[in-house]
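Participant: The structure follows.
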Amino acid sequence: MNNNPYSWIEESLNTIHRADWYRSVQTINSPPGAVVFLSGQKMINFASNDYLGLAADDNLKMSAIEAIRQFGTGSTGSRLLTGDRQLHRELEQAIASTKQTEDAVVFSSGYLANVGTITALVGKRDIIFSDQYNHSSLKSGGILSGGTVIEYPHCDMTVLGKKLQEERQKYRRCLIVTDSVFSMDGDLCPLPNLLDLAEEFNSMLLIDEAHATGVMGKSGAGCVEHFNCTGRELIQIGTLSKALGSLGGYAAGSSALIDFLRNRAPSWIYSTALSPADTAAALAGINIVQKEPERRKRLWENVNYLQTVVKENLGKLKILPTQSPILCFELPDAGTALEVGKYLREEGIFAPAIRPPTVPTSRIRITIMATHNREHIDKLVDSLQRIS
Ligand SMILES: *Cc1c(COP(=O)(O)O)cnc(C)c1O
């Protein structure tokens, strides 16, 4: 008998390899941008979350450097002990002002914002309804909360309504959770319908605006603004590490909600405060989102251009429905997705294969940035044309 209690790990890794599910890191050795160096090779980058090109922006860099000079590198403790700085509050007020909510609170990542908020709001006697395609952090939050979690089919409001009808009254509190822009698909949640259902069934609604903040809506406030739902009561979560070009997460909503989270969200109370550099960079990022709408305009011009040339030239590829800068080509299996990803890499294009278990079906996922130009997009379409 093999009595090494760790031997199952290697066996499990072998299984992962056999299924073509194995992943490893890819090191970029250049600043972030539309063009990067990946293991020494120059690549057009269609894999980044840096939608507005802020991660290498001079203004963000200078703000971070200045914050380090003034406040050092570490925040040295949790916000309730030694970690709190005026910068955190300024950032929270800027987020609340963009979202037009009463208040906001920043966490050390978007993942921690979701986990902390959901565990604070939901307990054993409560129920969560969760979209099947929700981000891992929303799912983890549900499990950690100890509440009952029911998944509904992706964006299916009929099934959600039916399940709410059947289950809601058996529980004390109810929370519906959803991505606003679905991160691995690019489509949007039906926010107005979700708000109506939440109201009808006396349920809270939490939406994760990770891929929407800075991107969706006229002023970049996210899908809440895109759907003209600004001011309706709900819980908005997001990240500082995508369009805002920094690191960290936030929750935004009513003063009472935010005050409650500061007292009850374990991932906020028991984790070290966001570093001065990350906080200052995010603050500079959100100021740019507010003051430079032309960046968002350029992003959407690129998105519309890609969609037009894809329709004209790549009719045979199966494109998943999208209303965001995320565009996915569905492929039959993980092996094919890996092959296409590799081919694109040889063409100088970085567009990763996304496979199970991250998503149910394998695909190539493309994200567009404000800093791409026409030649970048034309090259992508040209390379894809040769395999379609
Ligand atoms: C990226 C992402 C997160 C996690 O945010 P981090 O700041 O990277 O931890 C949460 N939710 C969604 C939908 C995301 O895409």
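Participant: Quick test for you: out of SER97, SER63, SER24, pick the one residue that is part of a loop (DSSP other than H, G, I, E, B) and open to solvent by 20 Å² or more (accessible area, probe 1.4 Å).
Facilitator: Just a single option satisfies the conditions, and that option is SER24.
Participant: Out of curiosity, is VAL36 in a loop (DSSP other than H, G, I, E, B), under 26 Å from the mean Cα position of the chain (by Cα) and of a type in the set (A, V, I, L, M)?
Facilitator: No: the conditions fail for VAL36.
Quick grid of which residues meet (1) open to solvent by 50 Å² or more (accessible area, probe 1.4 Å); (2) of a type in the set (Asp, Glu); (3) at pLDDT 95 or above:
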site	(1), (2), (3)
LEU306	no, no, yes
GLU330	no, yes, no
ALA334	no, no, no
PHE350	no, no, yes
LYS379	yes, no, yes
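Participant: Give the residue that is farthest from VAL181 (Cα to Cα), with candidates limited to residues of the stretch 327-361 that are in a loop (DSSP other than H, G, I, E, B) and hydroxyl-bearing (Ser, Thr, Tyr).
Facilitator: Checking each candidate, the answer is THR361.
Participant: To continue, here is another question. Among the residues of the stretch 209-233, count how many are more than 16 Å from the ligand (Cβ to nearest atom), among the hydrophobic types (A, V, I, L, M, F, W, C) and touching a residue at least 60 places away in the same chain (Cβ under 8 Å).
Facilitator: Selection size over the stretch 209-233: 1.
Participant: Tell me, which strands (runs of 3 or more DSSP E) wholly within the stretch 142-208 include 3 or more residues that are in contact (Cβ under 8 Å) with a residue 12 or more places away in the chain and away from the ligand (no atom under 16 Å from the Cβ)?
Facilitator: 148-152
Conditions (1) assigned by the TED database to the domain that holds LEU188; (2) under 25 Å from the mean Cα position of the chain (by Cα); (3) within 23 Å of THR230 (Cα to Cα); (4) of a type in the set (Val, Ile, Thr), marked per residue:
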{"residue": "ILE68", "(1), (2), (3), (4)": "yes, no, no, yes"}
{"residue": "PHE71", "(1), (2), (3), (4)": "yes, no, no, no"}
{"residue": "LEU80", "(1), (2), (3), (4)": "yes, no, no, no"}
{"residue": "ALA96", "(1), (2), (3), (4)": "yes, yes, yes, no"}
{"residue": "GLN100", "(1), (2), (3), (4)": "yes, yes, yes, no"}
{"residue": "LYS124", "(1), (2), (3), (4)": "yes, no, no, no"}
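Participant: Just to be sure I understand the filter: pairs with C-beta atoms under 7 Å, separated by 6 or more residues or on different chains, first member in the stretch 307-336 and over 29 Å from HIS17 (Cβ atoms), second member polar (S, T, N, Q) and open to solvent by 20 Å² or more (accessible area, probe 1.4 Å). Which pairs pass?
Facilitator: Correct list of pairs: ASN313/GLN385; LEU314/GLN385; LEU314/SER388; LYS316/SER388.
Participant: Restricting attention to the stretch 120-135, which residues are within 16 Å of the ligand (Cβ to nearest atom), in contact with a helix residue (DSSP H, G or I) (Cβ under 8 Å, 6 or more places away or on another chain) and either within 21 Å of SER241 (Cβ to Cβ) or among the hydrophobic types (A, V, I, L, M, F, W, C) (or both)?
Facilitator: ILE128, HIS135
Participant: Could you figure out which of (1) more than 16 Å from the ligand (Cβ to nearest atom); (2) surrounded by 18 or more Cβ atoms within 10 Å (Cβ to Cβ) isn't true of ILE286?
Facilitator: (1)
Participant: Separate question: Please go through the stretch 244-282 and pick out each residue that is within 11 Å of the ligand (Cβ to nearest atom) and more than 13 Å from PHE107 (Cβ to Cβ).
Facilitator: Of everything in the stretch 244-282, just one residue is within 11 Å of the ligand (Cβ to nearest atom) and more than 13 Å from PHE107 (Cβ to Cβ), namely LEU244.
Participant: Looking only at the stretch 272-299, which residues are outside any loop (DSSP other than H, G, I, E, B) and small (Gly, Ala, Ser)?
Facilitator: ALA277, ALA280, ALA281, ALA282, ALA284, GLY285
The values are calculated or read from the model by the stated rules, or taken from the named source; none is laboratory data. Everything quoted here is computed from the prediction, not taken from an experiment. Methodologically, a virtual Cβ is constructed for each residue, glycine included, from the backbone with ideal geometry; neighbour enumeration extends over all protein chains shown. Accessible surface is based on the protein model in full, side chains and every heavy atom, while ligands, DNA and RNA are left aside. Shrake-Rupley method; radii C 1.70, N 1.55, O 1.52, S 1.80 Å.
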